[in-house]
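Written below as structure tokens is the structure these notes are about.
The values are calculated or read from the model by the stated rules, or taken from the named source; none is laboratory data. All figures in this text were calculated on a predicted structure; none of them were measured in a lab. For neighbour counting, all protein chains shown are included, and Cβ atoms are generated from backbone atoms with ideal geometry for every residue, glycine included. To get the accessible areas, we keep the full protein, side chains included, count just its heavy atoms, and leave off ligands, DNA and RNA. Shrake-Rupley method; radii C 1.70, N 1.55, O 1.52, S 1.80 Å.
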Amino acid sequence: MKRLKIIKINPKVIILSVILIFFIFSVSSYGQLNLNVDGGHIEESVVEFPRSQESYEDQDYTSYWEIVKHRVVETPFNLVATIIFFMAIAHMMLTSRLHKKGNQLEHDYEEQIKKGLKEKNSYSIAASILHLLGEVEVVFGIWAVMLAVSIAFFYDWNTFVSYLEGLSYTEPLFVIVIMTIASSRPILKLFEIIMWHIVKLFGSTLETWWLTILIFPAILGAFITEPAAMTIAALILADKFYSLNPSERLKYATLGLLFVNISIGGFLSNFASPPILMVADIWDWDMSFMVMTFGWKALIAIGISTSVYFFLFRKDLQDLKGAYDHYRYKRYIQHRFISKKELEDSFEQLEKIVDKRVSFTNELDAYSLILRENIKELAAQKLTPEECKLYDIDHAIDEKFDGIKLEEMKRTIPGLLAQEEQPVYVDPKWDQREDRVPVWIIATHVFFLVWTVVNAHKPVMFLAGFLFFLGFYQVTVYYQNRLDLKPALLVAFFLSGIMIHGTLQGWWIAPLLVSLPEVGLNLTSIILTAFNDNAAITYLSTLVTNFPDDLKYAVVSGALTGGGLTVIANSPNPIGQSILKHFFKAGISGGSLLKYALLPTIITALIFAILKG
């Protein structure tokens with residue numbers, strides 16, 4: 001029996017092919033105009049995209065499937081957009097496998113380098129592509145390219161551009177700003193101190209830290225916004241809990257519970273959670289209404305879900321007791337007996353003493369001189385005396401040799417260089433230092449945080465504040481951690497991709513919401529939230545005229561209840577995923593997250609159903 005031959009496709013060819021196809025479609029579609037010969041006036045064709053719910057005129061249809069069929073017939077692109085959307089979701093569920101395969105290719109390539117089959121400083125492009133495809137944050141952006149090509153094919157390029165320009169990117173921009181400020185060292189220190197005082201009241205155990213981090217930020221998120229609360233909770237969990245290397249099931253249980261708690265914590269106010277913001281003004285839901293209708297039930301759900309998981313995973317937490325005690329004792333010893341500044345000064349003096357005793361610098365200069373002379377002799381043999389004299393070969397060799405020598409010493413033994421030649425040292429553990437932050441700096445950061453929250457719906461205002469924050473950061477850089485915008489930008493990219501795809505799903509989601517009874521609507525809202533951002537679900541419900549109060553309760557409670565089931569279910573989830581994904585060997589598995597977020601989701605759904613009143 002013949003074996004099938006496996007065809008290896010060059011990744012570069014794939015990338016160039018995609019770029020070429022995208023370029024051809026965009027160029028061929030761009031600038032298509034509809035000439036209106038009325039008085040020689042030329043008008044650009046205007047297409048309603050996506051179509052409004054009213055434009056389908058399908059009020060006479062009684063069956064949901066009849067409505068869906070009618071809308072596909074009326075606008076075939078609806079089906080294409082939804083297929084692309086679910087392909088993106090399937091891709092997202094496979095990201096951990098792609099990441100694992102990328103690691104395998106990377107390891108194989110490193111082995112080839114060791115055997116001399118590949119260049120020393122090269123890397124595997126195929127592995128890099130798989131790592132890119134395995135990043136959850138870029139999935140919907142990648143499939144947005146396919147969506148763009150499809151829109152250009154069915155309509156034209158201007159339709160796609162107009163569609164993008166018609167979307168509001170306030171939330172992604174807000175996430176960049178709030179995530180950067182909330183992850184700054186002064187803010188983290190402030191909330192770490194607050195939680196430390198809470199934990200101290202109950203004995204400073206690992207279990208107390210775990211419970212506090214999973215409950216306090218969820219409540220806090222109702223006032224400083226969910227993205228800020230998720231950032232703070234994830235960063236403190238990374239330091240206090242995930243760094244202890246808990247069991248895989250406890251990692252996922254903690255992550256799932258965090259996502260659910262942060263999501264339903266949004267019920268405590270009418271401004272901090274995107275799904276609530278979509279309906280609060282339209283349905284006239286104020287702060288008191290949210291607390292009395294949803295908030296107190298959310299607190300009960302958070303308390304019960306966290307308590308249930310605490311008892312279910314108590315043994316896993318107890319298994320970490322040794323690691324936690326070691327962590328605490330190590331930090332205590334290091335803080336009490338080791339002064340970083342004194343040790344740095346001592347080692348600086350030690351380098352000079354050792355160099356003086358063993359004459360390392362003199363030996364290095366002597367061997368360097370021999371190597372330099374050998375190169376000059378080789379050049380003299382290969383070149384004529386006239387060439388050596390005419391082109392000053394000695395000077396050319398000295399210049400190149402000294403440059404390489406200096407760069408190598410900067411890389412290997414920078415301490416032996418003169419002070420002015422030493423490279424700027426970047427401490428890899430700078431962000432882990434425990435130096436205190438002055439109160440006035442913490443207060444200023446709190447001001448920037450509050451300013452951003454208050455102006456959350458005014459991009460000009462919170463972006464202006466962010467620019468001032470960056471200036472203040474630079475002035476007080478000694479008390480700050482490194483400013484890393486990559487996680488915030490990736491999360492914003494993810495949210496933008498979700499918005500681009502999710503907005504095109506209203507053609508089948510909106511009629512589904514109208515056709516269901518209360519219980520069915522609640523369950524459907526929970527399920528749909530797992531596959532679409534919950535803010536999109538609540539937004540689509542506002543498009544339904546004369547929506548009864550019971551159904552409003554059902555769809556909103558379902559949307560926030562299901563906010564922890566997947567990474568895409570709630571806009572702050574990608575923030576937590578981005579911060580904590582490094583603690584999962586093959587990245588965060590969508591299936592495992594769904595599995596461990598299911599129980600707190602069910603508990604929350606039951607509480608909102610039983611206590612509906």
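A few notes on this one:
- Given (1) under 23 Å from the mean Cα position of the chain (by Cα); (2) assigned to a helix (DSSP H, G or I); (3) crowded, with 18+ Cβ neighbours inside 10 Å, index of the condition residue 456 fails: (2)
- Candidates 169, 163 - the one that is open to solvent by less than 40 Å² (accessible area, probe 1.4 Å) and aromatic (Phe, Trp, Tyr): 163
- Members of the stretch 130-160 found to be in a helix (DSSP H, G or I), open to solvent by less than 50 Å² (accessible area, probe 1.4 Å) and closer than 23 Å to residue 47 by Cβ, listed by number: 143, 144, 147, 148, 149, 150, 151, 152, 157, 158, 159, 160
- Single residue of the stretch 25-66 satisfying the filter (acidic (Asp, Glu), part of a loop (DSSP other than H, G, I, E, B) and out of contact with any Leu (no Cβ under 7 Å at 6 or more places or on another chain)) that is modelled with the lowest pLDDT: 48
- Residue 553 falls short of the stated requirement of being closer than 30 Å to residue 84 by Cβ, surrounded by fewer than 24 Cβ atoms within 10 Å (Cβ to Cβ) and aromatic (Phe, Trp, Tyr).
- Residue that is least open to solvent (accessible area, probe 1.4 Å), among those in the stretch 308-336 that are aromatic (Phe, Trp, Tyr) and farther than 16 Å from residue 596 by Cβ: 324
- Condition check for residue 137: closer than 19 Å to residue 585 by Cα and under 17 Å from the mean Cα position of the chain (by Cα): yes
- Residue in the stretch 405-412 that is without any contact (Cβ under 8 Å) to a residue 60 or more places away in the chain, acidic (Asp, Glu) and not in a loop (DSSP other than H, G, I, E, B) present: yes
- Here residue 87 clears all of (1) open to solvent by less than 70 Å² (accessible area, probe 1.4 Å); (2) farther than 21 Å from residue 582 by Cβ; (3) assigned to a helix (DSSP H, G or I) except the condition numbered (1).
- For the condition farther than 30 Å from residue 531 by Cα and open to solvent by less than 60 Å² (accessible area, probe 1.4 Å), residue 464 qualifies.
- Looking only at the stretch 364-407, and only at residues there that are closer than 20 Å to residue 421 by Cβ and basic (Lys, Arg), the one that is modelled with the lowest pLDDT: 405
- Of the candidates 69, 120, the single residue that is of a type in the set (Lys, Arg), outside any loop (DSSP other than H, G, I, E, B), loosely packed, with under 15 Cβ neighbours inside 10 Å and free of Cβ contacts under 8 Å to residues at least 12 places away in the same chain is 69.
- Checking each residue in the stretch 90-115 for being out of contact with any helix residue (DSSP H, G or I) (no Cβ under 6 Å at 6 or more places or on another chain) and either closer than 24 Å to residue 567 by Cβ or open to solvent by 90 Å² or more (accessible area, probe 1.4 Å) (or both) picks out 90, 94, 96, 97, 99, 100, 103, 104, 107, 110, 114, 115.
- Remark: pairs (first residue in the stretch 79-98, at pLDDT 85 or above; second residue outside any helix (DSSP H, G or I); Cβ separation under 6 Å; 6+ apart in sequence or on different chains) = 98/134.
- On inspection, residue 422 qualifies as closer than 30 Å to residue 480 by Cα and either in contact with an Asp or Glu (Cβ under 9 Å, 6 or more places away or on another chain) or open to solvent by 50 Å² or more (accessible area, probe 1.4 Å) (or both).
- Note on the stretch 483-540: among residues that are under 18 Å from the mean Cα position of the chain (by Cα) and of a type in the set (Asp, Glu), the one that is least open to solvent (accessible area, probe 1.4 Å) is 533.
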